[in-house]
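Contents: one structure, followed by commentary.
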Amino acid sequence: MAAVRGLTLTAAALRAVTPWARGRLLAASRGPQARREASSSSPEAGEGQIHLTASCVQRLLEITEGSEFLRLEVEGGGCSGFQYKFSLDTVINPDDRVFEQGGARVVVDSDSLAFVKGAQVDFSQELIRSSFQVLNNPQAQQGCSCGSSFSIKL
């Protein structure tokens, strides 16, 4: 149903058919724009930073409601060993790090952060899909051709 580089359902369609308690997989439609770094709400902002592009911030402001934010998780799987998972969530756990820019928030748990620190979260619109995606991940050694999975540097 979904891939890292492009989730194929729109956010509105997922809201209508996916009543998940902890998160809803996302996709949407908006074109790429200039990249901009995020600021972190945690004290050690420079260490383990996640950067948000301007298109990511803009799209999150369009699709999130109330206290919703984008959750980024890394799971085992995919053809390269690990895969990214995006969902909308409203619960911030004690081990979560919050990265905020312009009112848009991306939350990453501490385990997943080890696999994506220093990366960019972008929103991209292509002819066949629109999706949130992780770009320029310094922790990734290689990825599959579709961008949905990656292996880590050891």
Only listed residue being outside any strand (DSSP E or B), hydroxyl-bearing (Ser, Thr, Tyr) and surrounded by 19 or more Cβ atoms within 10 Å (Cβ to Cβ), chosen from 80, 124, 131, 112: 112
The range 134-154: number of residues that are modelled with pLDDT under 85 and outside any loop (DSSP other than H, G, I, E, B): 7
Residue that is farthest from residue 139 (Cα to Cα), among those in the range 52-94 that are touching a residue at least 40 places away in the same chain (Cβ under 8 Å) and among the aromatic types (Phe, Trp, Tyr): 86
Residues of the range 83-109 satisfying the condition of being surrounded by fewer than 20 Cβ atoms within 10 Å (Cβ to Cβ) and among the β-branched types (Val, Ile, Thr): 90, 91, 92, 98
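Restricting attention to the range 134-146, and to residues there that are buried (at least 16 other Cβ atoms within 10 Å of the Cβ) and not small (Gly, Ala, Ser), which single residue is farthest from the chain's Cα centre (by Cα)?
Here the answer is 144.
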Close pairs from the range 113-126: first in contact (Cβ under 8 Å) with a residue 24 or more places away in the chain and more than 15 Å from residue 138 (Cα to Cα), partner open to solvent by 10 Å² or more (accessible area, probe 1.4 Å) and not in a strand (DSSP E or B), Cβ under 6 Å, at least 6 apart: 123/30; 123/59; 124/32; 125/29; 125/30; 125/31
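The values are calculated or read from the model by the stated rules, or taken from the named source; none is laboratory data. Source: prediction; values computed, not measured. Backbone-built Cβ (ideal geometry, glycine too); neighbour counts: all protein chains shown. Heads up: the accessible areas ignore ligands, DNA and RNA and are worked out on the full protein's heavy atoms, side chains in. Shrake-Rupley method; radii C 1.70, N 1.55, O 1.52, S 1.80 Å.
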